[in-house]
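Notes follow once the structure below has been shown.
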Amino acid sequence: MHAILFCLALRPAEPVGFIGLGIMGQGMARRLASSGQPLHVWTRGATAASALASEHPGAVTVAESPAAVVEACSRTYLMLSTPDACEEVYSMRGGVLEGVSDGKALIDCATLRPEDMAALAERVHERGGSFVEAPVSGSKAPAANGALIFMCAGDEETFRSAEAELAAMGKFTVFCGTTVGAASKMKLVVNLVMGTQLAALAEGLALASALGLSSEDAVLDGGAMASPMVALKGPMMAKREYPTAFPLKHALKDMRFALNLAEASDLPVSASATGLFAAADAAVPSLGDADFCAVMEAARAAAATGSVR
């Protein structure tokens, strides 16, 4: 008996897959690898995958295709940026769907429309696989530090089997039920509120500047309005420095998705905030690839022309 238990203790952990090593995916995959989890990875840019494999020799295998990742692992995480990117990686030759068969589970962490997630889940189920949507709240630093918040829905057994991995990447997880799309709805609400708050902060700082006040004079981070958002993004906006943790173009995508939900019939404050993000994204040069706090530039421009009235 002791010999059997000893052998079981030495059994190596089964690898999991990770597809998409962008701003968020790199940090998430590093958290998994650092926890001792063997990984099979694929991303459209080979540099990020090679760097991860070099950091964790013998523990990270760089696959030739998304299908190869799914085929090698019982669970595969995906962190892709847009509906178009998801469609490409799922459907391409050697794509995710080609690797799905009985017993394969996908945990998709993208922020998509609820109907997008439901459609992906249906295609995975048709091939015998299971599916969990798991969009995250958090950006580059929380991903690197294992401080993400996961909002999950779908196959509960798959979700339960992934709890240790989710814990390595996040500070807590919410299970929103077995209906795929529920977690995406929650995530869109979160990002709509976040973007609207940031737009209001941008307009307040722009007004303070127009009045000849410094950001310190505005005392926005010491009273009832204090929040991690104000503390983190306020100084960057005051300095007009926008290193990318969460691209503005993706924030705009999520806010538009939220406003287009059937239940979002009349949200005038959020709609106005989304318009400010759209103005920043349409600026010349576009601020879409900058951090979403670059909405400050649209607020400044509006204040300068009086178009905020």
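Can you pull out the residues in the stretch 223-235 that are part of a helix (DSSP H, G or I), under 16 Å from PRO142 (Cβ atoms) and in contact with a helix residue (DSSP H, G or I) (Cβ under 8 Å, 6 or more places away or on another chain)? Result: MET229, LYS233.
Taking ARG44, is it outside any helix (DSSP H, G or I), on the phi < 0 side of the Ramachandran plot, surrounded by fewer than 21 Cβ atoms within 10 Å (Cβ to Cβ) and at pLDDT below 95? Give the steps one after another, and end with the answer.
Details: outside any helix (DSSP H, G or I): yes; on the phi < 0 side of the Ramachandran plot: yes; surrounded by fewer than 21 Cβ atoms within 10 Å (Cβ to Cβ): yes; at pLDDT below 95: yes.
The answer is yes for ARG44.
With the structure loaded, tell me whether LEU192 is more than 26 Å from the chain's Cα centre (by Cα), touching a residue at least 60 places away in the same chain (Cβ under 8 Å), assigned to a helix (DSSP H, G or I) and buried (at least 20 other Cβ atoms within 10 Å of the Cβ) or whether it fails that test. Taking the combined requirement at face value, the residue does not satisfy it.
Residues in the stretch 118-153 that are in contact with a Gly (Cβ under 8 Å, 6 or more places away or on another chain), part of a loop (DSSP other than H, G, I, E, B) and of a type outside the set (A, V, I, L, M): GLY128, GLY129, GLY138, GLY146. Could you please give the count of residues in the stretch 154-165 that are part of a loop (DSSP other than H, G, I, E, B) and over 17 Å from SER101 (Cβ atoms)? Total meeting the criteria: 1. All conditions in (1) in a helix (DSSP H, G or I); (2) touching a residue at least 40 places away in the same chain (Cβ under 8 Å) hold for GLN197, with the sole exception of (2).
Yes/no per residue for (1) surrounded by 23 or more Cβ atoms within 10 Å (Cβ to Cβ); (2) touching a residue at least 40 places away in the same chain (Cβ under 8 Å); (3) small (Gly, Ala, Ser):
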{"residue": "SER91", "(1), (2), (3)": "no, no, yes"}
{"residue": "GLY95", "(1), (2), (3)": "no, no, yes"}
{"residue": "VAL100", "(1), (2), (3)": "yes, no, no"}
{"residue": "GLY103", "(1), (2), (3)": "no, no, yes"}
{"residue": "LEU106", "(1), (2), (3)": "yes, no, no"}
{"residue": "GLU133", "(1), (2), (3)": "yes, yes, no"}
{"residue": "SER137", "(1), (2), (3)": "no, yes, yes"}
{"residue": "ASN145", "(1), (2), (3)": "no, yes, no"}
{"residue": "ALA167", "(1), (2), (3)": "no, no, yes"}
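Listed by position, the helices (runs of 4 or more DSSP H) inside the stretch 237-309 whose residues that are in contact with a Lys or Arg (Cβ under 7 Å, 6 or more places away or on another chain) number at least 2 are 268-281. Answer yes or no as to whether GLU64 is surrounded by fewer than 20 Cβ atoms within 10 Å (Cβ to Cβ) and closer than 30 Å to LEU192 by Cα. So GLU64 does not fit the description; no.
All conditions in (1) out of contact with any Phe, Trp or Tyr (no Cβ under 8 Å at 6 or more places or on another chain); (2) closer than 30 Å to LEU248 by Cβ; (3) in contact (Cβ under 8 Å) with a residue 24 or more places away in the chain hold for GLU87, with the sole exception of (3).
Among the residues of the stretch 188-216, the ones that are among the acidic types (Asp, Glu) and either in contact with a Cys (Cβ under 9 Å, 6 or more places away or on another chain) or at pLDDT 90 or above (or both) come to 1 in all.
The values are calculated or read from the model by the stated rules, or taken from the named source; none is laboratory data. Computed from a prediction, not measured in an experiment: that's the story for all the values here. We place every Cβ from the backbone using ideal geometry, glycine too, and count neighbours over all the protein chains shown.
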